[in-house]
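Participant: Okay, handing you the structure first.
The values are calculated or read from the model by the stated rules, or taken from the named source; none is laboratory data. On a predicted model such as this, the values are computed, not experimentally measured, just so you know. Cβ: placed from backbone, ideal geometry, glycine included. Neighbour counts: every protein chain shown.
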Amino acid sequence: MDDIRFPKLIASESQNIFCVAHLPSSSEGPFPVVIICHGLGGSKVGRFRHPVLLSESLARSGIASVRFDFRGNGDSEGSFVETTPERCVEDLRSVFAWVSKEPVFDTSCLGLFGRSFGGVVSLLYAARNPKIVSALCVQSPPFAIDLYSDKSPPHVKLEKRDFFFDQEKMCQAFVDQLSKMEMAEVMKSLHEVPFLHIGGGNDDVVPSEHTKLYEKARKGAQAPTQFKMLPAADHILSNISDRRTVLKESTHWFIRHLVTQ
């Protein structure tokens, strides 16, 4: 067995969020640790169990990890319709607060992995706390979303100025906060944090144009930077070879910046 895992309930404001921690079984801590953020409407298990497989891959490399459900998702308390970017950032802050108090985790070697909207949340949190984040890896995060345009993501629907994600109505605060996000400004705060961006050339949810905007925003960064484009990959990584590439690239990135510092 490559990892030892255990569940944990963590309070985030007035509600509980559900986490699963993975520890390497081959040695004793404290371990470098990666916190994994799922996408909008997703969960800590994820499609194709990708977050689970990432945690297992990290554990084989001597890195601990924590997967969790944002409030209103998966096994966490709360309502999905109350989701906002700021609420998700607060959930991530709560997870980090717990991790930082556990002696088995070495938070001087902290990584964040975020997929899609979870990537945005990771970037928002890291931009406010760049000194505590040692490495970032994001997969297909949107750079900007105009919910009123014809280019809005296919899962998002506008009906009489109400917004729905996969037929779930989103609150106005979600829309307001999303429309005010300035990812170019966020990225400026991360120039000293190692940054890996993985995108898909066949992504119809977050097209490759978003990757170009991240590349532009990353120019001038002092820290190591890598952009990995998977030419045939769609947003959910339907092809197993693309999923394996993401696992390999993200694991190696965290080994490089959390273990072999």
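Participant: Got a sec? Which of G46, G119, G114, G74 is more than 22 Å from N16 (Cβ to Cβ) and out of contact with any Gly (no Cβ under 6 Å at 6 or more places or on another chain)? Break it down into steps so the answer makes sense when it comes.
Facilitator: Values: G46 fails: more than 22 Å from N16 (Cβ to Cβ); G114 fails: more than 22 Å from N16 (Cβ to Cβ); G74 fails: more than 22 Å from N16 (Cβ to Cβ).
Matching residue, one of G46, G119, G114, G74: G119.
Participant: For V205, which of the numbered conditions (1) touching a Pro at 6+ places or on another chain (Cβ under 6 Å); (2) at pLDDT 95 or above fails to hold?
Facilitator: (2)
Participant: If A135 passes every condition in (1) over 30 Å from L247 (Cβ atoms); (2) small (G, A, S); (3) modelled with pLDDT of 90 or more but one, which one does it miss?
Facilitator: For A135, the exception is condition (1).
Participant: What residue, of V95, V104, V81, is touching a Cys at 6+ places or on another chain (Cβ under 8 Å), over 19 Å from L247 (Cα atoms) and surrounded by fewer than 15 Cβ atoms within 10 Å (Cβ to Cβ)?
Facilitator: Working: V95 fails: surrounded by fewer than 15 Cβ atoms within 10 Å (Cβ to Cβ); V104 fails: touching a Cys at 6+ places or on another chain (Cβ under 8 Å).
The match here is V81.
Participant: Also, I was wondering about something else. Quick check on my filter: what residues within the stretch 57-79 are outside any loop (DSSP other than H, G, I, E, B) and closer than 23 Å to A97 by Cα?
Facilitator: L58, A59, A64, S65, V66, R67, F68, listed by residue number.
Participant: A further question on this structure: Looking at the stretch 175-194, I want the residues that are in contact (Cβ under 8 Å) with a residue 12 or more places away in the chain and crowded, with 19+ Cβ neighbours inside 10 Å and have a partner that is among the β-branched types (V, I, T) and not in a helix (DSSP H, G or I) with Cβ atoms under 8 Å, at least 6 apart or on another chain. Which pairs are those?
Facilitator: That search, which allows pairs on different chains as well, returns L178/I145; V193/V133; P194/T225.
Participant: Continuing with this model, one more query. Residues to consider are G41, G46, G29, G78; find the one that is touching a residue at least 60 places away in the same chain (Cβ under 8 Å) and either more than 22 Å from F117 (Cβ to Cβ) or hydroxyl-bearing (S, T, Y) (or both). Even if it seems obvious, please write down each step before you answer.
Facilitator: Values: G41 fails: either more than 22 Å from F117 (Cβ to Cβ) or hydroxyl-bearing (S, T, Y) (or both); G46 fails: either more than 22 Å from F117 (Cβ to Cβ) or hydroxyl-bearing (S, T, Y) (or both); G78 fails: either more than 22 Å from F117 (Cβ to Cβ) or hydroxyl-bearing (S, T, Y) (or both).
After applying the criteria, what remains is G29.
Participant: Filter the stretch 81-112 down to the residues that are in contact (Cβ under 8 Å) with a residue 40 or more places away in the chain and among the hydroxyl-bearing types (S, T, Y) and list them by number.
Facilitator: T83, T84, S94, T107
Participant: Within the stretch 1-52, considering only strands (runs of 3 or more DSSP E) that don't extend past its boundaries, which have at least 2 residues that are within 17 Å of the chain's Cα centre (by Cα)? Explain how you work it out, then say what you get.
Facilitator: Details: elements: 3-12, 15-24, 31-37.
The qualifying strands (runs of 3 or more DSSP E) are 15-24, 31-37.
Participant: Follow-up question, since we're still on this one. Is there a residue in the stretch 219-231 that is assigned to a helix (DSSP H, G or I), modelled with pLDDT under 95 and surrounded by fewer than 16 Cβ atoms within 10 Å (Cβ to Cβ)? It would help to see each step written out before you state the result.
Facilitator: Our first condition is that a residue be assigned to a helix (DSSP H, G or I); within the stretch 219-231, this holds for none.
Looking for residues that are assigned to a helix (DSSP H, G or I), modelled with pLDDT under 95 and surrounded by fewer than 16 Cβ atoms within 10 Å (Cβ to Cβ), one finds none in the stretch 219-231, hence no.
Participant: Could you check the stretch 98-132 and list, in sequence order, the residues that are outside any strand (DSSP E or B) and over 17 Å from the mean Cα position of the chain (by Cα)? Write out each step before concluding.
Facilitator: Of all residues in the stretch 98-132, those outside any strand (DSSP E or B) come to 98-104, 116-132.
Residues satisfying the conditions are W98, S100, K101, E102, P103, V104, K131.
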